[in-house]
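Can you keep this structure in mind? I'll have questions shortly.
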Amino acid sequence: MKIIKVGSMQSNDILIVFNDTQEKFGLENMVKVIEDQLVSEVVKTLLDKLGLPLQHLKVYFCGANEWVIKARGLAMLDLIKGK
Amino acid sequence: MNNRDVLQGIFVPGHIVSQLEIAFRMATPGIMIDLVNLVPEEDLHAARYLVKEALNEFSSSHKHISIFIHSPQTHQGKETITLLTDEKIDILRLGQINSPDHIQNIEYLIKTSWEKNNMPGIELVVNNLSTFRNLEAICNTSTLVTTLTISGQLREELAKQSDLDFDKVKKSIIEQAQRLKLTALDSINTNYRNLDTFRQDCINSKHMGFQGRYVIHPSQIKICMEIYKGV
């Protein structure tokens, strides 16, 4: 089992956890003033665009803006590829 | 932007999103992003990407951007430079440069990583005796060093030596900076609770010849602007 974590649960950030044994995308929206559905759409779209394997990801959204989601996603991609 | 115009900026860790966002939106002329001392080793990889994306996101902020990176002679430094190649960075803050050979190798790496009209300058951190003793030779070899900065680590190293006084070392560095037409920045003062003490330290620093310093807390900004820039 390979588990990789990028990001944090701090305010304005996002925590992305890769688990190669997980088979379904998971998202926890920690910012209750934003609709879960909206957060899920934005996050999934951005991470999918980067080429990340969504089915192996669990994401904890803490209010990250798009540039942060992109940064965390790119770092995760690198680590998944073993760089 | 002439480096001499930028006397201070806010010093922030490169791995904390909220602090990066606040710093880019703050009314300071510059920002110093630390990828060395304040970032845990396990967060460095992700922090590089955060900094890269932040530079793009906040490119319209027109701030003077300085980034503290590991020496490009280390694998951490090389990886950071690889990722930040050609990004709009005004200054790379570098420590552990102990000889003219070091600076030559580092400058070669920088010159092959950035376009000529986009090339960052170097802020040389004098953080050990080796750098201090070879300072003139290092600066004379360099074409990119624009700034000399004192580090608290130098004070610690000097405390173990009986024959060198920290204030005399600081004065020597300031004199060399003036002779070589470089900017001289004082070390960070972490005292943001007792602003009277901080103010006096800035006054002493300015009197000694320093042209500014980085701040770590918004409460220090106004005092620095007033003392170093007379604003």
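Treat each spin label as a single point 7 Å out from the Cα along the C-beta direction, and report the B:ALA27 to B:SER59 distance in nm.
Distance between label points: 2.8 nm.
Could you go through segment B:48-54 in sequence order and give the Karplus-derived ³J(HN,Hα) for each residue, using 6.51 cos²θ - 1.76 cosθ + 1.60 with θ = phi - 60°, rounded to whole Hz, and x for Gly and Pro?
Karplus-based 3J(HN,Hα) across segment B:48-54 equals 4, 5, 4, 5, 4, 5, 5 Hz.
Could you order peptides B:43-52, A:45-54 by the average number of other Cβ atoms within 10 Å of their residues, highest first?
Highest to lowest by the protection proxy: B:43-52, A:45-54.
Taking the beta-carbon count within 10 Å as an exposure proxy, list B:TYR192, B:TYR108 from fewest neighbours to most. Could you put the intermediate results ahead of the total?
Numbers: B:TYR192 14, B:TYR108 11.
Neighbour counts put them in this order, fewest first: B:TYR108, B:TYR192.
Still on this structure, please answer the following. Between B:ASN191 and B:LYS78, take the C-beta separation as r, use R0 = 45 Å, and let me know the FRET efficiency to the nearest 0.05.
Efficiency, rounded to the nearest 0.05: 0.80.
Could you give the radius of gyration (one decimal) and Dmax (whole number) of the Cα atoms in chain B, in Å?
Rg, Dmax (Cα atoms, Å): 16.8, 49.
To continue, here is another question. Taking every DSSP beta bridge that has both residues in the protein assembly as shown, what percent is antiparallel when rounded to the nearest 5? It would help to have the intermediate numbers written out before the result.
Values: 10 of 42 bridges.
If I count the DSSP bridges inside the protein assembly as shown, around 25 percent turn out antiparallel.
If you average the sequence gap of Cα pairs under 8 Å that are 6 or more apart and divide by the length of segment B:3-229, what percent do you get for the contact order? It would help to have the intermediate numbers written out before the result.
Values: 385 pairs, mean separation 40.1, N = 227.
The value is 18 percent.
GluC sites (Glu not before Pro), restricted to segment B:111-140: which are DSSP loop and have at most 14 other Cβ atoms within 10 Å?
Listed in order of number, the matching sites are B:GLU115.
With only Lys, Arg, Asp and Glu charged, each at its Cβ (+1 for the first two, -1 for the last two), find how big the charge dipole of chain B is about the Cα centre; round to the nearest 20 debye.
620 debye
Next question, about the same structure. Within segment B:71-169, which trypsin sites (Lys or Arg not before Pro) sit in a loop by DSSP and count at most 16 neighbouring Cβ atoms inside 10 Å?
Working: sites: B:LYS78, B:LYS88, B:ARG93, B:LYS111, B:LYS116, B:ARG133, B:ARG155, B:LYS160, B:LYS168; in loops: B:LYS88, B:LYS160.
Passing both the DSSP loop test and the Cβ count: B:LYS88, B:LYS160.
Hey, in the GNM for chain B with a 10 angstrom Cα cutoff, which one of B:SER142, B:SER172, B:SER99 fluctuates hardest?
Judging by the Gaussian network model, the answer is B:SER172.
While we're looking at this one, here's another question. Find out how many positive minus negative residues lie around A:VAL42, taking Lys and Arg as positive, Asp and Glu as negative, among other residues whose Cβ is under 13 Å from that of A:VAL42. Write out the running numbers ahead of the final one.
Numbers: positive: A:LYS44, A:LYS49, A:LYS70; negative: A:GLU35, A:ASP36, A:GLU41, A:ASP48, A:GLU66.
Charge balance in the 13 Å sphere: -2.
Now for a separate question. Please work out how much length the chain gains when fully extended from A:ILE3 to A:LEU50, using 0.36 nm per residue of separation minus the C-alpha to C-alpha distance, in nm with one decimal.
Details: separation 47, 0.36 × 47 = 16.92 nm, distance 1.90 nm.
That works out to 15.0 nm of additional length.
Going by how many other beta carbons lie within 10 Å of each one, how would you line up B:GLU41, B:GLU156, fewest first? Mind dumping the intermediate values first?
Values: B:GLU41 7, B:GLU156 12.
Fewest to most other Cβ atoms nearby, the residues stand as B:GLU41, B:GLU156.
Treating the angle as unsigned and between 0 and 90°, give the value, to the nearest 10°, between the Cα long axis of helix A:36-49 and the longest Cα principal axis of chain A.
Between helix and principal axis, roughly 40 degrees.
As a footprinting exposure proxy, order B:PHE11, B:PHE58 by other Cβ within 10 Å, with the fewest listed first.
Details: B:PHE11 25, B:PHE58 18.
Going from sparsest to densest Cβ surroundings: B:PHE58, B:PHE11.
Continuing with this model, one more query. Restricting things to alpha carbons, find the Rg to Rh ratio for chain A using the Kirkwood radius for Rh. Provide the component values of the computation, followed by the final result.
On the way: Rg = 11.6 Å, Rh = 12.5 Å.
When Rh is taken as the Kirkwood radius, the ratio is 0.93.
For B:THR141, what charge total do you get from the other residues with a beta carbon under 14 Å from its beta carbon, if Lys and Arg give +1 and Asp and Glu give -1?
So the surrounding residues net to -2.
With an 8 Å Cα cut-off and a minimum separation of 6 or more residues, compute the relative contact order for segment A:3-80 in percent.
Worked out over segment A:3-80, it gives 45 percent.
What lysines does A:LYS2 reach when the alpha-carbon gap must be under 25 Å and sequence neighbours fewer than 8 apart in one chain are set aside?
Leaving aside lysines fewer than 8 places away in the same chain, those within reach of A:LYS2 are A:LYS24, A:LYS44, A:LYS49, A:LYS58, A:LYS70, A:LYS81, A:LYS83.
Quick note: the coordinates plus some simple rules give every number you see, no bench work behind them. This one's a predicted model, so the numbers in the text were calculated from it and none came from an experiment. Here the Cβ is made from the backbone with ideal geometry for all residues, glycine too, and neighbour counts use every protein chain on show.
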